[in-house]
Structure formats: structure tokens, C-alpha cells
Amino acid sequence: MLFKPRPKGLGKENFLKLNDNEEISGVFRGEIHTFKRHWVNQRSVECPGDDTCPICNVDPDNYPSFRFRINFITTKNGEWIAKIFEGGGELYDMLVTIDRKFDLSRTAVEITRMGLKQNTKYSVLPRLDMPITEAMEEKLSSVSLLPLTAAIPEAA
């Protein structure tokens with residue numbers, strides 16, 4: 001087959017997007033995908049992390065930043081859904097610290113966005129008032145997680 005279907009899975013509608021001072025509650029689930037990204041002309045370009053990166057080879061001062069993605073299960077219109085939550089190194093370090101005291105795979109959290117564009121910060125607080133009961137765990141487990149990278153279909 002000469003033409004393969006385009007990769008699917010990372011449509012912008014699948015990402016969790018919050019406005020300034022907006023908050024959302026839910027639970028992190030699944031594996032964490034880490035990667036590096038360059039910023040060029042206010043656009044992001046993924047870095048392969050080796051000597052094949054054209055940006056690293058041309059502009060060594062444009063050091064790639066750490067990024068991560070994970071599924072975040074939340075409710076929308078009364079239904080549990082998965083969204084892709086993406087963040088940077090500072091937020092990842094905050095989550096590592098919180099995860100030491102609260103198992104974030106078993107703890108609901110509230111995420112609040114503060115700021116716009118490059119001045120964005122996130123606050124993540126455990127929701128101890130929202131315990132994950134057996135009934136809630138059943139609902140969470142029934143939600144299909146989203147792919148964190150573009151899936152390349154196999155040739156038929």
C-alpha cells in the first residue's frame with residue numbers, strides 16, 4: 001500500500017484545556033509519556049533527543065524543554081471522560097512531590113490554571129473530600145484512555 005492512513009489520536013479536542021483561573025477535578029490514570037520540545041517562532045517542535053535533531057544541530061542554544069502527558073479522567077455532562085493533560089518540568093516536579101504523600105493513581109485532584117501563554121502556572125491539590133470508592137473506581141476503570149502519541153496504523 002503506497003498511502004497509509006494519517007496518524008490519529010492527538011486531536012486538540014482530546015487535550016485538557018483550561019482558561020485563566022479555571023479549575024477541574026479528576027484522577028490521573030495510565031502511563032506517563034515524557035518528551036522534549038523546542039520552541040521556534042512561537043511554535044513547538046518535538047525533539048528526538050539525539051544527534052538527528054535539526055534544531056539542536058543548527059541552534060545549540062535552543063535547548064529543548066521537558067514535557068509530559070498523562071490521561072486525566074474527569075466528568076463532562078455527568079459522564080466520565082479521558083482528556084490528555086500536558087505540562088512542563090516544573091509542574092512534573094510538583095506532581096512528584098505530591099505523589100510521595102498521596103498516591104496520585106488513587107487520589108482525585110483539583111487542577112487550577114493561573115495565567116496566560118508563557119506566564120501560565122498550575123496548582124494541583126489533592127481532593128480528600130472526593131475519595132475513590134469502589135463504585136467510583138468501577139466508573140474510572142471503564143473509561144478508555146487516550147493515546148499519548150500519534151498512533152501510526154499498521155499496513156493492511
Within the stretch 44-95, the residues that are among the basic types (Lys, Arg), over 17 Å from Ser123 (Cα atoms) and modelled with pLDDT of 95 or more are Lys83
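With the requirement that a residue be among the basic types (Lys, Arg) and without any contact (Cβ under 8 Å) to a residue 40 or more places away in the chain, what does the stretch 111-148 give you?
Of all residues in the stretch 111-148, those among the basic types (Lys, Arg) come to 113, 117, 121, 127, 139.
Hits for the stretch 111-148 are Lys117, Lys121.
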Going through the stretch 1-36 one residue at a time, which ones are basic (Lys, Arg) and modelled with pLDDT under 90? Lys4, Arg6, Lys8, Lys12
Taking the stretch 121-143, which residues are touching a Phe, Trp or Tyr at 6+ places or on another chain (Cβ under 8 Å), open to solvent by 50 Å² or more (accessible area, probe 1.4 Å) and not in a loop (DSSP other than H, G, I, E, B)? Lys139
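The values are calculated or read from the model by the stated rules, or taken from the named source; none is laboratory data. This one's a predicted model, so the numbers in the text were calculated from it and none came from an experiment. Glycine gets a Cβ as well: all are built from the backbone with ideal geometry, and neighbour counts include every protein chain shown. The area values use the complete protein model at the heavy-atom level, side chains included, leaving out ligands, DNA and RNA. Shrake-Rupley method; radii C 1.70, N 1.55, O 1.52, S 1.80 Å.
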